[in-house]
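Visitor: Mind looking over this structure? Questions follow.
Readers should treat all values here as calculations from the given coordinates under stated rules, not as data from a laboratory. Just so we're clear, the structure is a prediction, and the values are computed from it rather than from any experiment. Neighbour counts are summed over all protein chains in view; Cβ atoms, including those assigned to glycine, are modelled from backbone coordinates with ideal geometry.
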Amino acid sequence: MKVLGFVLVVLGIVSLIYGGISYSRQRTVLNLGSFKATATEQKNFPVSPIVGGIALIGGLVLLLAPRKRLAYALTPRIKP
């Protein structure tokens, strides 16, 4: 759970700072024999600040919650 909490905190901070995740992709546009033309595309995956805040808070809860208490809270209760 600590690893998941850390990942959520990092993703939450990144989404709040940058407003999303950007990446570039190279694509072949033209391929004629030995001649090859490529184009680089910039893609943006926008993330709402609300989602980033929720991920950040959820990650902090997972990092700061005691392990036994969290496991106890997640176990289903069966009444006899």
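Visitor: Using 0.36 nm times the number of residues separating residue 14 and residue 65, minus their current alpha carbon distance, what extension gain do you get?
Guide: Roughly 16.1 nm would be gained on extension.
Visitor: Compute, for the chain, the length of the dipole vector about the Cα centre, with Cβ point charges of +1 (Lys, Arg) and -1 (Asp, Glu) only. Units Debye, rounded to 20.
Guide: Rounded to the nearest 20 debye, it is 460 debye.
Visitor: In addition: Suppose the chain between residue 44 and residue 79 were pulled fully straight at 0.36 nm per residue; how much longer would it get relative to their current alpha carbon spacing?
Guide: Stretched fully, the residue 44-residue 79 segment lengthens by 7.6 nm.
Visitor: Still on this structure, I have one more. Based on DSSP H runs of at least 4 residues, each adding -39500 (n - 2.57), what is the mean residue ellipticity at 222 nm of the chain after dividing by all its residues, to the nearest 500 deg cm²/dmol?
Guide: -16500 deg cm²/dmol
Visitor: For the stretch 2-74, calculate the relative contact order in percent as a whole number, restricting contacts to Cα pairs under 8 Å that are 6 or more residues apart.
Guide: Over the stretch 2-74, the number comes to 42 percent.
Visitor: At 0.36 nm per residue, minus the direct Cα-Cα distance, what do residue 22 and residue 35 gain on full extension? Give it in nm, one decimal, please.
Guide: Using 0.36 nm per residue and subtracting the Cα-Cα distance, I get 1.7 nm.
Visitor: OK, next. Across 5 Å bins from the origin, how do the percents of Cα pairs in the chain run, short distances first?
Guide: Percent of pairs per bin, in order: 3, 14, 14, 12, 11, 10, 9, 8, 7, 5, 3, 2, 2, 1, 0, 0.
Visitor: Report, by chain and number, residues whose modeled amide H sits under 5 Å from the one on residue 21, excluding near sequence neighbours (fewer than 5 apart, same chain).
Guide: Here 45, 47 satisfy the definition.
Visitor: Using θ = phi - 60° and the Karplus relation 6.51 cos²θ - 1.76 cosθ + 1.60, list the HN-Hα couplings for the stretch 39-56 in order, rounded to whole Hz, with x at every Gly or Pro.
Guide: 10, 9, 9, 9, 10, 10, 9, x, 10, 5, x, 5, 5, x, x, 5, 5, 5
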